[in-house]
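Here's the structure, in structure tokens; my notes come after.
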Amino acid sequence: MLGTHGVEYIDKMTNKAYRFDVEQYAHHRQFLDKRKLVSHPFLFVPICNGAHWWLWIADVKKKKFYVLDPINKPKKHILESRVMLNKFVGLIISQMRVYAGAKLLMEDGLGKEAEYIQLNGERTDYDCGIYVMKWLETIDPRKIKSGKRYKYRVWTQEEIDDFRYQYGPNLLLHEMNKIRKQVIRKSKAIRLSKPSAALSSPYCKFTYGDLDSK
């Protein structure tokens with residue numbers, strides 16, 4: 001989308017600010033809760049770009065926007081493409097709220113830059129998704145203060161690895177996972193004719209390395 005519409009998100013077909021048409025995405029609409037999108041005071045949006053995950057947060061009442069990134073870097077070291085993408089995400093969410101019957105979060109149709117919140121992040125180069133999922137469960141956006149470091153108990157690497165074990169079966173068996181049957185069928189580690197509750201057991205532990213789905 002950024003490549004098509006440019007930094008200012010101008011639609012080349014209409015020469016106007018880009019409008020996100022939710023109607024185009026029938027598969028994803030079934031998971032869109034209009035009531036929550038309209039009524040919740042905070043919105044959380046996980047973003048993946050260039051094999052890296054981070055979390056975008058909107059304070060609906062104050063119309064403020066924040067980014068929590070597992071790779072915590074000073075603003076001057078943040079890729080410009082990520083800054084642009086975060087502005088674009090805000091623009092899309094603003095328009096999705098209109099689709100759900102609420103007011104815009106951004107009036108100019110060009111997006112707003114989200115503030116990066118300082119916090120302790122990952123120690124590896126592959127745990128970003130685990131941090132984002134756990135933040136979705138634990139972050140209290142009311143405690144986020146502009147220009148301040150967000151304080152929370154820093155997880156050990158052992159805890160992060162354990163989170164991965166917990167999330168793995170849920171992701172594999174979730175209804176949104178369209179390739180779960182192929183993964184299970186081709187895996188050398190999991191021999192089940194169909195998805196089983198056994199995989200959801202906390203005693204069933206495996207990593208992505210155990211899933212041979214080539």
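Within segment 46-60, restricting attention to residues that are surrounded by fewer than 13 Cβ atoms within 10 Å (Cβ to Cβ) and more than 19 Å from residue 137 (Cα to Cα), the residue that is modelled with the lowest pLDDT is 50. Evaluate segment 179-201: report whether one residue or more is in a helix (DSSP H, G or I), modelled with pLDDT of 80 or more and surrounded by 14 or more Cβ atoms within 10 Å (Cβ to Cβ). No, segment 179-201 has no match at all.
Rundown of residues vs (1) assigned to a helix (DSSP H, G or I); (2) at pLDDT below 70; (3) surrounded by fewer than 18 Cβ atoms within 10 Å (Cβ to Cβ), yes/no style:
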| position | (1), (2), (3) |
| --- | --- |
| 4 | yes, yes, yes |
| 14 | no, no, yes |
| 31 | no, no, yes |
| 36 | yes, no, yes |
| 44 | no, no, yes |
| 62 | no, no, yes |
| 73 | no, yes, yes |
| 85 | yes, no, no |
| 93 | yes, no, no |
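Would segment 64-71 turn up any residue that is surrounded by fewer than 18 Cβ atoms within 10 Å (Cβ to Cβ), at pLDDT below 90, charged (D, E, K, R) and not in a strand (DSSP E or B)? Looking for residues that are surrounded by fewer than 18 Cβ atoms within 10 Å (Cβ to Cβ), at pLDDT below 90, charged (D, E, K, R) and not in a strand (DSSP E or B), one finds none in segment 64-71, hence no.
The values are calculated or read from the model by the stated rules, or taken from the named source; none is laboratory data. Remember, it's a predicted structure, so these values are computed and weren't measured experimentally. Virtual Cβ from ideal backbone geometry, glycine too; neighbours counted across all protein chains shown.
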